[in-house]
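Report on the following structure.
The values are calculated or read from the model by the stated rules, or taken from the named source; none is laboratory data. These numbers come from a predicted model, not from an experiment. Cβ atoms come from the backbone with ideal geometry, glycine included; neighbour counts cover every protein chain shown.
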Amino acid sequence: MNKWIAGVVAAGAGLALWTGSYVPAQAMTAKQCSAKYKAAKSAGTLKGMKWRAFRKAECGAGATAAAAPAPANPMKAKAASSSSPASAPASSSAVFPSAISPKFAKEKPGRARMHTCLAQYHANKATNANGGLKWIQKGGGYYSQCVKRLKAK
């Protein structure tokens, strides 16, 4: 019996060593390794290594992930990103209805505005007159701006 237990313990230890050598305990994820590779590539510190060699050398157990550079002033970075021209809708060339359509005048005010704006949006699509706006988008799409204009009247 004692030999059997000793054999099981030895086999368990051998299995633990075998899996430990092939499955790193704290290896980086592929996403982290990719970020580290791209950072090294842009910094010119790859030393001629290709992806596979870099991954084996730099992303195994004990490797540290490349930290994203923190902005000097987080509030300034947030303000700069929120005022970027890509997020600001380009409504200057969009065509909006001037009043609620008589077709939808008998509906509740909110539904009448929505249906009027939707009808104009579809009409604009045919002539490419939406000014680059989508129906709903972050920062105020066609619907949002149209409703604001109709409420103001």
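Taking each residue of segment 97-109 that is without any contact (Cβ under 8 Å) to a residue 12 or more places away in the chain and looking for partners that are of a type outside the set (A, V, I, L, M, F, W, C) with beta-carbon atoms closer than 7 Å, six or more apart or interchain, yields Glu107/His115. Residues of segment 102-126 that are over 30 Å from the mean Cα position of the chain (by Cα) and among the hydrophobic types (A, V, I, L, M, F, W, C): Phe104, Ala105, Ala112, Ala119, Ala123, Ala126.
Out of curiosity, is Ala99 modelled with pLDDT under 70 and either part of a loop (DSSP other than H, G, I, E, B) or surrounded by 11 or more Cβ atoms within 10 Å (Cβ to Cβ) (or both)? No; evaluated as a whole, the condition is false for this residue.
Here segment 127-152 is the region considered, the condition is being over 30 Å from the mean Cα position of the chain (by Cα) and modelled with pLDDT under 90, and the residue that is surrounded by the fewest Cβ atoms within 10 Å (Cβ to Cβ) is Ala152.
Out of Lys36, Lys78, one residue alone is of a type in the set (Lys, Arg) and either at pLDDT below 85 or surrounded by fewer than 11 Cβ atoms within 10 Å (Cβ to Cβ) (or both). It is Lys78. Looking at segment 81-93, can you tell me whether even one residue there is modelled with pLDDT of 90 or more and not in a loop (DSSP other than H, G, I, E, B)? The answer is no, given that none of the residues of segment 81-93 is modelled with pLDDT of 90 or more and not in a loop (DSSP other than H, G, I, E, B).
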